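Trainee: What follows is a structure written as structure tokens; I'll ask about it next.
Nothing in this text is a laboratory measurement; each read-out follows from the coordinates by a stated rule. Computed from a predicted model, the values in this text were never measured in an experiment. Cβ: placed from backbone, ideal geometry, glycine included. Neighbour counts: every protein chain shown.
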Amino acid sequence: MIHQMGLYERPFRSIQSGKKTVEVRLYDEKRRGIHVGDIIEFVKVSDEKETVKVKVMALQPYETFADMYRDIPFSFFDCEGWTMEEMLEATYAIYTKEQERQWGALAIYIQLLDE
């Protein structure tokens, strides 16, 4: 199955370069439909003609984003050198704490596909 998701410039480039191997999302209804082996087509928000495809290698749900960031090295998110506070601040700029309480967090381990 192929899923489409939007991405901002920085994470899009990180995935495109192969540096980002874990994508962070809410574990909402849409993400509950993702399975290992599925394909995700990331669409760059500012230019929807630009896309990058990845294969889902593993899925790991967490109760909170902080739990996820304590468990997974920041380098997997292409955020080496960041602090926990910076990781959470960047995440809460996209998702609310209310959404996090409702759905939880999901780490999607990905592998870049050759175009």
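Trainee: Compute the length gained on full extension between residue 17 and residue 114: take 0.36 nm times their separation in residues and subtract their Cα-Cα distance, giving the result in nm to one decimal.
Mentor: Numbers: separation 97, 0.36 × 97 = 34.92 nm, distance 1.14 nm.
Stretched fully, the residue 17-residue 114 segment lengthens by 33.8 nm.
Trainee: May I pose another question? For residue 105, what residues show an amide H to amide H distance below 5 Å, using hydrogens built from the backbone and excluding near sequence neighbours?
Mentor: 27, 62, 63, 64
Trainee: Normalised by the residues of the chain, what does the relative contact order come to in percent, with Cα pairs under 8 Å and at least six apart? Kindly include the intermediate steps, with their values, before the conclusion.
Mentor: On the way: 194 pairs, mean separation 44.3, N = 115.
It rounds to 38 percent for the chain.
Trainee: Give me the number: length gained by fully extending residue 41 to residue 97, i.e. 0.36 nm times residue separation minus the C-alpha to C-alpha distance, one decimal in nm.
Mentor: 17.5 nm
Trainee: Right, another one. Roughly how many nanometres apart are two label points built 7 Å out from the Cα toward the Cβ at residue 29 and residue 80?
Mentor: 4.1 nm
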